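Take a look at the structure below.
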Amino acid sequence: VGYNDRGTITNCYATGDVQATYSLSPPVPNVSPDAYAGGLVGYNDRGTITNCYATGDVSATVSQKYYAYVGGLVGYNNDQDAIQNCYRYSNQIFSWRAGLTTVERATNALGTAKDLETLKSLSFHASMLGWDSTVWNIVEGEFPTLKNVGVIR
């Protein structure tokens, strides 16, 4: 999700890497020159995120004079209480660059860090997240899939 404006995101996950790049030259009036990149959501504006996780690496690149908000689960969050029971991969890499210089490892480490074995476990999805087995195929050692969709290894 790039921008979540007061929406509800529940019972989902993302495994892909995310990269945001911002380069408007010249700058456009009334447009934020910052980049927002998160493993699940780039910018959460008072939206609710519950029972979710992300595993992919996250990075952003901006012009030297701008700023990037980067996080393993959410890049920028406008309401700390809106994220509940969410997780991120403990070895996830999240970083940002201004021009050619790496500035920060992360600006936002929301989500409880868990190892990949835990994130692929049956007990994690059933007990910790409470995902419904009538909706999800949950197999030990694999990421879950929606019923009748297939298996991601």
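Just a few scattered comments:
- Scanning the range 63-88 for residues that are part of a strand (DSSP E or B) and crowded, with 22+ Cβ neighbours inside 10 Å turns up 68, 69, 70, 71, 74, 75, 76, 77, 87, 88.
- Picking from residues in the range 115-125 that are touching a strand residue (DSSP E or B) at 6+ places or on another chain (Cβ under 9 Å) and not aromatic (Phe, Trp, Tyr), the one that is most open to solvent (accessible area, probe 1.4 Å) is 115.
- Residue in the range 3-21 that is at pLDDT below 90 and either surrounded by fewer than 17 Cβ atoms within 10 Å (Cβ to Cβ) or on the phi > 0 side of the Ramachandran plot (or both) present: yes
- Matching residues, the range 89-106, being modelled with pLDDT of 90 or more and either over 23 Å from residue 12 (Cα atoms) or not in a loop (DSSP other than H, G, I, E, B) (or both): 89
- In the range 36-54, residue nearest to residue 93 (Cα to Cα) [restricted to those that are in a loop (DSSP other than H, G, I, E, B) and under 8 Å from the mean Cα position of the chain (by Cα)]: 39
The values are calculated or read from the model by the stated rules, or taken from the named source; none is laboratory data. Please read these numbers as outputs of a predicted model, since none were measured by experiment. Backbone-built Cβ (ideal geometry, glycine too); neighbour counts: all protein chains shown. Accessible surface areas use protein heavy atoms only, side chains included; no ligands, DNA or RNA. Shrake-Rupley method; radii C 1.70, N 1.55, O 1.52, S 1.80 Å.
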